[in-house]
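All remarks here apply to the structure that follows.
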Amino acid sequence: MPRFFFDIRDDKGTQRDEEGFELADLSMVREKAQRLLPDIARSEIPGDGDQHVYTVLVTDEDGHAVYSATLTYAGLWLLR
């Protein structure tokens, strides 16, 4: 089964995925990225400002990019 690596990028830098995940096909790669982004946002957003962009860049075993997904959080105070 092929191995894919899920690097996480945000305003703090890039977290390299050194272990990766064995996934049967590209639809599973997409699903994994979709589940990963909200989990990261839930743990990182509270108390850390109102503007965040998280990107997952998925590469295959040869280092070729196969999928990218981005989640943007924008908070805005409406009180004056």
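For the reader, a short list of remarks on this structure follows.
- Proximity of backbone amide H atoms, modeled 1.01 Å from N, is registered between ASP17 and PHE6, ASP7, ILE8 at under 5 Å, excluding neighbours fewer than 5 places apart on the same chain.
- Rough spin-label spacing in nm, given labels placed 7 Å along Cα→Cβ, for ASP62 and ALA74: 3.8
- For the stretch 60-73, backbone phi angles converted through the Karplus equation (6.51, -1.76, 1.60; θ = phi - 60°) give residue-by-residue couplings of 8, 4, 8, x, 7, 5, 10, 7, 9, 9, 10, 10, 10, 10 Hz, Gly and Pro being listed as x.
- With contacts taken as Cα pairs under 8 Å and at least 6 residues apart, the chain reaches a relative contact order of 33 percent.
- Amide H contacts of TYR67: VAL58, each under 5 Å away and 5 or more positions distant or on a separate chain (H built 1.01 Å from N in the peptide plane; Pro and chain starts excluded).
- Estimated from helices alone, the mean residue ellipticity of the chain at 222 nm is -8000 deg cm²/dmol (sum of -39500 (n - 2.57) over DSSP H runs with n ≥ 4, per residue).
- Measuring nothing but how far apart in sequence close Cα pairs (under 8 Å, 6+ apart) lie, relative to its length, the stretch 33-80 scores a relative contact order of 37 percent.
- Charge tally for THR14 (other residues, Cβ to Cβ under 15 Å; Lys, Arg +1; Asp, Glu -1): -3.
- Charged side chains reduced to their Cβ positions (Lys and Arg at +1, Asp and Glu at -1) give the stretch 3-74 a dipole of some 200 debye around its Cα centre.
- Of the GluC sites (Glu not before Pro) found in the stretch 1-74, those in coil by DSSP whose Cβ has at most 14 other Cβ atoms within 10 Å are GLU18, GLU19, GLU61.
- Mean-position separation - Cα centroids, the stretch 1-19 and the stretch 56-74, in angstrom: 8
- Principal-axis tilt of helix 26-44 within the chain, Cα atoms, nearest 10 degrees: 30
- q = 0.17 Å⁻¹, the stretch 3-74: log10 I(q)/I(0) [Debye, one scatterer per Cα]: -0.60
- Label-to-label distance, GLU22 versus MET1, with points set 7 angstrom from Cα along the beta-carbon direction: 0.6 nm.
- Dipole orientation for the chain: of the candidates GLN34, THR59, LEU78, LEU78 has the Cα lying most toward the positive pole (charges on Cβ; Lys, Arg +1; Asp, Glu -1).
All of the numbers you see were taken from the coordinates with simple rules; none came from a lab. What you are looking at is a predicted structure, and each value in this text was computed from that prediction instead of being measured. Note that we place each Cβ from the backbone using ideal geometry, even for glycine, and neighbour counts take in every protein chain shown.
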